[in-house]
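Written below as structure tokens is the structure these notes are about.
The values are calculated or read from the model by the stated rules, or taken from the named source; none is laboratory data. Keep in mind that this is a model prediction, so the values were computed, not measured. Don't worry about glycine lacking a Cβ; one is built from the backbone with ideal geometry, like all the others, and counts go over all protein chains shown. Accessible surface is based on the protein model in full, side chains and every heavy atom, while ligands, DNA and RNA are left aside. Shrake-Rupley method; radii C 1.70, N 1.55, O 1.52, S 1.80 Å.
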Amino acid sequence: MVLRLKSFRITYYRSILDSGVVNSNDITVLVGPNQSGKSSLLQGLYSLSFHYNYDVYNELTQLENVSKKYIDGDYEPKDLPIVSAVFTLDNEDKMNLKGVIGEIEEENSINEMQITKFIDNSYRVKIGNLEYEFANPLTTIELLRNIIAQLKSLCHQLISSNSTVKDLFDKYNPEKIDYPIDKKSIVSDFQVLDTVTHDPNLANSISPQLTKLKKMLENFPDYSITRIIKFLLTSMPRLVYFKSYDRLDDSVSITELKTNPKAHRTFMNLLQLAEIKISTLEKYKNNTTLLQQYLQQASGLVTKKLQPMWHQETFSCEFRFADDKLMVFTSDPKNPGTLLPPSFGSEGFQWFLGFFINFAVETKGEYKNAILLLDDPGVFLHPSGHKDLLARLWDFLQDNVNTIYSTHLPSLIPKDSITSVRLVYKKDGRSIVTEDFWKLDDRDAWAVIRSSLGIDLADSLFLGPRMLLVEGPSDYIYLTGFNEIFKQSNIDVQLSVFILPMNGKDKLEYFSRLLDGLNVPYVVLLDSDENIKITSNEKLLAIEPVNKMRDKQSVFDIEDLLENELLIEALSHMYALGDSTKDNLRRQLKNSNRKAINIIKEIIMKKESLDKVELAKRIVTLLREKSREFQITLENFKHLFQSIEEKYAKLYGPTPPILED
């Protein structure tokens, strides 16, 4: 089982001094003005990869003179963590870890693993009360392989004449050496080379390499740590980062591919997918028949690998070779049977093609078990292409691919999941990340988001052809969260409206006048005891549960749709309630005729205001995991959704009206 990312934190990286903890959803969206730090956030998380090594001079932040102080020796590497990520452990992960490190103290309470990477590319892994530290494992194992490869090269004659030496290098084949590593056994086994040769020249050549091997292994991680490394190498999701897209060349000469492969990354990756070897092309370039068969097989192979990603039309790819150039052609969806160079396709088609080629290679052709980091994707796509891209990202979730992406495009904001949005902005020259942007001054918060997307209210992500006005962001979270839960649970009720939080019922008159002026159909959802003048009273819908939690209650907030035990569990997560407080809360919620939110405030929130937004997020998170345990809550929200749709049908007819220009 591959670990799932729960949260991450970036520190001392470029414009980020400390991002704070950034919680990760299945799909997480970063919005914010240009140069706010979105790219640094994505690249900082990508740097957790074992394949990544830091460039201190370009990547360590200059804020507060951190870079200078590190160069001056005022900071040690362990003072400068760059990225720390928390991954959740499921039961299978725990069983695998149990086999690696034995019993974990308080095993049932260990549900997470924290991995931190420092500026010197070293790592720290924390599991419960256990900590492990080690250098970059890929760099370390590569060094070991190189030393043993050099010894094998020196001993090539002995290998053919001495069975002991042959057995040694069969056991320690440089190309196959991998974690876990027992360094004591390696040192012991290689001592045989001190005794098997009687050639003084060969002995003099072998001796310094053996010394080098022993010295290197002195600093090599202990066997127990290499077992943890093995677990991470097999269980961590692949981190895949894309900025914009790399265009696929129509053709490239063999000479150019050999001398400058990095300039043709996407083309080289396409060859890797097709399993085309440049040496084979050179070998058979004058044998037309054999070369044509080779390229036909390669064309079929790459088509088979890329075809599953094309949902809307048939896709095929074909290679041809002439005049020392390898050419690639793709099918034209508008003219079946016609092949065109990639550059003849739309910008959107070229983006998808480049993206899927590189994604396929990064995930070894599997398109699964990865964290996909996209820096401003879909810039060249039509808005309908943005919808298709979002659909693909949701499809990827089935194969354990989580996506975090930055965007300036309104159509790439998942309007039914505002909890997935993170606002990145700068304050005093430092990048700040927040998911609770509504906790800022309300005017500034919405203005920052709208300006970061380059839009105004009339065409913002919060405006659609059918609007539902709600009082605040917590209502938004409940409604979008339950909409998502119903969708994932295949419950046949969906809310097909755009929800606009007004940030206070006092703004209702303003919003209703605005929407009436724009000729936008809307309904207003408010507490059942609110009595506010709006443009038309018939547009008001009062919240009322189909299943009451308190028999004598007659006025309701949205929280009154929630079962008492669900509220108590969420509040316990937030405020660490004691048993007596929970019992008192349980008793009052059952017997009182007041609103649940008022009871909660009275019992546990005497000195501070209740964070209704955080409560809403906790409720939605709990229900994603335990929806079967709270069927009454689901029934109440299902009834509310049906009431909203019925209200629309009564006011505007069953078919959503189209906005007039």
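Key figures
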quantity: Farthest positive-ward along the chain dipole, Cα basis, beta-carbon charges - from Leu281, Met549, Leu468; calculated: Leu281
quantity: Taking segment 226-306 and dividing mean pair separation by its residue count, relative contact order in percent (alpha carbons under 8 Å, at least six apart); calculated: 23 percent
quantity: The chain: angle of helix 200-218 to the longest principal axis, Cα-based, in degrees nearest 10; calculated: 20 degrees
quantity: Cβ-based charge dipole, segment 149-235, positive-most Cα from Tyr172, Ile186, Ile228; calculated: Ile228
quantity: Cα long-axis angle, helix 288-306 against the chain (0 to 90 degrees, to the nearest 10); calculated: 30 degrees
quantity: Under 21 Å from Lys304, Cα to Cα: lysines that are on another chain or at least 8 residues apart; calculated: Lys277, Lys334, Lys364, Lys368
quantity: Per-residue [θ]222 nm for the chain (sum of -39500 (n - 2.57) over DSSP H runs n ≥ 4, rounded to 500); calculated: -13000 deg cm²/dmol
quantity: Beta bridge orientation in the chain: antiparallel %, DSSP, nearest 5; calculated: 60 percent
quantity: Neighbourhood net charge (13 Å Cβ-Cβ; Lys/Arg +1, Asp/Glu -1) for Pro545; calculated: -4
quantity: With every protein chain in place, the chain: carbon and sulfur % of accessible area (1.4 Å); calculated: 47 percent
quantity: Solvent-accessible area per residue for segment 25-66 (1.4 angstrom probe, square angstrom); calculated: 41 Å²
quantity: Between helix 347-362 and the chain: long-axis angle, C-alpha atoms, 0 to 90°, nearest 10; calculated: 60 degrees
quantity: Cross-link pairs Lys98/Lys582; Lys117/Lys612; Lys69/Lys215; Lys595/Lys626; Lys243/Lys617; Lys243/Lys305 - those with Cα-Cα distance over 28 Å; calculated: Lys98/Lys582; Lys117/Lys612; Lys69/Lys215; Lys243/Lys617
quantity: Electrostatic dipole magnitude of the chain [Cβ: Lys, Arg +1; Asp, Glu -1; Cα centre; debye, to 20]; calculated: 660 debye
quantity: Whole-Hz couplings from phi, Karplus 6.51/-1.76/1.60, listed for segment 173-187; x for Gly and Pro; calculated: 5, x, 7, 10, 4, 8, 6, x, 10, 9, 5, 5, 5, 4, 4
quantity: Solvent-accessible surface (1.4 angstrom probe) belonging to Tyr294, in square angstrom, nearest 10; calculated: 50 Å²
quantity: Given charges at Cβ of Lys, Arg, Asp, Glu: the chain dipole, positive-most of Gln150, Tyr70, Ile619; calculated: Gln150
quantity: Ranked order, Asp222, Asp436 - accessible area, probe 1.4 Å, largest first; calculated: Asp222, Asp436
quantity: Charged-residue dipole, Cβ positions (Lys, Arg, Asp, Glu), segment 163-256 about Cα centre, Debye nearest 20; calculated: 440 debye
